[in-house]
Each structure stands twice: as structure tokens, then as C-alpha cells.
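Below is one structure, written out as C-alpha cells; the observations come after it.
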Amino acid sequence: MAAEQKLRDRPHLKARASRAGFVTTPAAHAAHATIVGPLTEQSEAALREGAAMVAPVIEGDSRELSAALDYLQQWGEWLATSDAFQEAGISLPAPEIAAIRTVALKAIREQLDHTG
């Protein structure tokens, strides 16, 4: 995630995010491994292939996926309410992009609730 990279590039902001439970924590790494990484890889592959749509597949243990979703929700809320994003020069996503993120996380959560 670009926002995390910008925070990593500024040690004082990275430390602040880490103290809040983000960026460098095991939960952050797990969220990247279980959700962010697969979504990014599958979306990039669809772009390379010229696909008009992507229907990513997220796999894993329901507890790990649920914890990753919790982390991503909390990270988004912290970033939106913290002044760290301004300090790091992070632009908040356009409302349409934020809506896609919200819908995607909700869809994953609903799927877990039905299978979990």
C-alpha cells in the first residue's frame, strides 16, 4: 500500500504508526499476505490481460482472514482520522475508490460469515 510506504520512508511517522499497531506489526504483515497481496497480484494480472473486470479469489483460514479484515478496517480509520497522512503527503483516495475498498472488505466479511 502506497500509504504505508510513505510512512515507512519517514521514521518518526513509521514509529507512530507502529505504536498505534500498524505498518510494522504482525497484523500488518498478515493482512498483506492474506488480502492485500493477493488482491494486488490478481488485479495487476487482469490489467495486463486487458480484462474489463476482476473477480479476485481470497483464500485462507477464516480466523486469519477475519483478523486481516479487522486490521485493514482499523488502519483505514486511523489513517483517515490521523494527521499522519498529511505529514507524509498521502492523498486520501477519491470517494469512488474508498467506496470500492469498503464494498470489497464488506463482501469478504459477509463471505466469511456465511462459510465461517
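The values are calculated or read from the model by the stated rules, or taken from the named source; none is laboratory data. Everything quoted here is computed from the prediction, not taken from an experiment. Heads up, the Cβs are rebuilt from the backbone with ideal geometry, glycines too, and the neighbour counts pull from every protein chain shown. The accessibility values were calculated without ligands, DNA or RNA, using every heavy atom of the protein model including side chains. Shrake-Rupley method; radii C 1.70, N 1.55, O 1.52, S 1.80 Å.
Quick notes
Per-residue answers, yes or no, for (1) open to solvent by 80 Å² or more (accessible area, probe 1.4 Å); (2) farther than 23 Å from Arg8 by Cβ; (3) free of Cβ contacts under 8 Å to residues at least 40 places away in the same chain:
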| site | (1), (2), (3) |
| --- | --- |
| Ser43 | no, no, yes |
| Ala46 | no, yes, yes |
| Ala68 | no, no, no |
| Trp75 | no, no, no |
| Trp78 | no, no, no |
| Ala84 | no, no, no |
| Ala88 | no, no, no |
| Leu92 | yes, no, yes |
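- Residue in the stretch 50-59 that is open to solvent by less than 40 Å² (accessible area, probe 1.4 Å), over 16 Å from the mean Cα position of the chain (by Cα) and more than 30 Å from His12 (Cα to Cα) present: no
- Screening Ala2 on (1) in contact (Cβ under 8 Å) with a residue 40 or more places away in the chain; (2) open to solvent by less than 50 Å² (accessible area, probe 1.4 Å); (3) not acidic (Asp, Glu) shows it passes everything except condition (2).
- Residue within the stretch 108-116 that is open to solvent by 80 Å² or more (accessible area, probe 1.4 Å), of a type outside the set (D, E, K, R) and within 22 Å of Ala3 (Cα to Cα) present: no
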